[in-house]
1. Would you mind finding the one in 155, 130 that is basic (Lys, Arg) and either touching a residue at least 12 places away in the same chain (Cβ under 8 Å) or closer than 30 Å to residue 65 by Cα (or both)?
2. Against the definition (without any contact (Cβ under 8 Å) to a residue 60 or more places away in the chain, in a helix (DSSP H, G or I) and surrounded by 10 or more Cβ atoms within 10 Å (Cβ to Cβ)), how does residue 135 come out, yes or no?
3. Within segment 106-117, is there a residue that is within 30 Å of residue 33 (Cα to Cα), outside any strand (DSSP E or B) and not hydroxyl-bearing (Ser, Thr, Tyr)?
4. Looking only at segment 142-160, count every residue that is farther than 17 Å from residue 177 by Cα and either of a type in the set (Phe, Trp, Tyr) or surrounded by fewer than 11 Cβ atoms within 10 Å (Cβ to Cβ) (or both) and tell me the total.
5. If only one of 35, 31, 80, 103 is at pLDDT 85 or above and either more than 19 Å from residue 4 (Cβ to Cβ) or open to solvent by 60 Å² or more (accessible area, probe 1.4 Å) (or both), which one is it?
6. Would it be correct to say that residue 47 is in a strand (DSSP E or B), among the aromatic types (Phe, Trp, Tyr) and open to solvent by 80 Å² or more (accessible area, probe 1.4 Å)?
7. Going residue by residue through segment 4-16, is there one that turns out to be modelled with pLDDT of 90 or more, open to solvent by 90 Å² or more (accessible area, probe 1.4 Å) and assigned to a helix (DSSP H, G or I)?
8. Please tell me if residue 124 is at pLDDT 85 or above, open to solvent by 70 Å² or more (accessible area, probe 1.4 Å) and of a type in the set (A, V, I, L, M).
Amino acid sequence: IVGDNSVSPLMFMDKEAENKILLNLEKVPDIKDAIVLDKTGTVFARYTRAGAEVFLLPEISRENTFSEFSGRKLLVTYKIFQEKEFLGTIILRAELTDLNKIISNYILVAVLVLLAGICSALVISTFLQRTISKRLLMMVAKTKEIAQTGQYSDRIASEGKDEIAILSREFNKMLEEILYPAMDAGVLD
């Protein structure tokens, strides 16, 4: 946007208009410096945020747009053209403190969501484990009791439609077959 707005000042060599354009960068806190070079490579206008360190002119890339990250800093160069006529180059230097704050906040939210998910999974798995284990332990105890006493007429509770209830029903069927083997064969009336 700054490059597009700089076309007219560069065409008419209006440094005052270009300085006004660069002063609008004051509204973007991450931008620390901006330099506009004319087509000869001479500094045409410059903006430096108050308190920012002095920015040395970098080596200009031959590409129309070039960006380079260095630590927490971003350097962008943009060649300015009017139709096909080269007018100059704008160089912007920004510190990515706001971006780093946003990334830190996203990481914090992700960690909190992950911890909440782990805690939820732990609570749910503990509840389910206790429920399932309780039913299985009751089934084991009843099985041992039937094996020790020989009371094959006893039955295991088999409420529900889950796998433990199916296992309980099948175990009860097996007890019936042990208790009444002749009934299934049709020997007893």
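The values are calculated or read from the model by the stated rules, or taken from the named source; none is laboratory data. Remember, predicted model here, so these are calculated numbers, not experimental data. For neighbour counting, all protein chains shown are included, and Cβ atoms are generated from backbone atoms with ideal geometry for every residue, glycine included. Note: accessible area is taken over every heavy atom of the protein model, side chains too, but ligands, DNA and RNA are not part of it. Shrake-Rupley method; radii C 1.70, N 1.55, O 1.52, S 1.80 Å.
1. Values: 130 fails: either touching a residue at least 12 places away in the same chain (Cβ under 8 Å) or closer than 30 Å to residue 65 by Cα (or both).
Answer to the check: 155.
2. Details: without any contact (Cβ under 8 Å) to a residue 60 or more places away in the chain: yes; in a helix (DSSP H, G or I): yes; surrounded by 10 or more Cβ atoms within 10 Å (Cβ to Cβ): yes.
Answer is yes for this residue.
3. The answer is yes; a qualifying residue exists.
4. 4
5. Working: 35 fails: either more than 19 Å from residue 4 (Cβ to Cβ) or open to solvent by 60 Å² or more (accessible area, probe 1.4 Å) (or both); 31 fails: either more than 19 Å from residue 4 (Cβ to Cβ) or open to solvent by 60 Å² or more (accessible area, probe 1.4 Å) (or both); 80 fails: either more than 19 Å from residue 4 (Cβ to Cβ) or open to solvent by 60 Å² or more (accessible area, probe 1.4 Å) (or both).
Only one candidate passes the filter, namely 103.
6. On the way: in a strand (DSSP E or B): yes; among the aromatic types (Phe, Trp, Tyr): yes; open to solvent by 80 Å² or more (accessible area, probe 1.4 Å): no.
So residue 47 does not fit the description; no.
7. Yes - at least one qualifying residue is present in segment 4-16.
8. Criteria met by residue 124.
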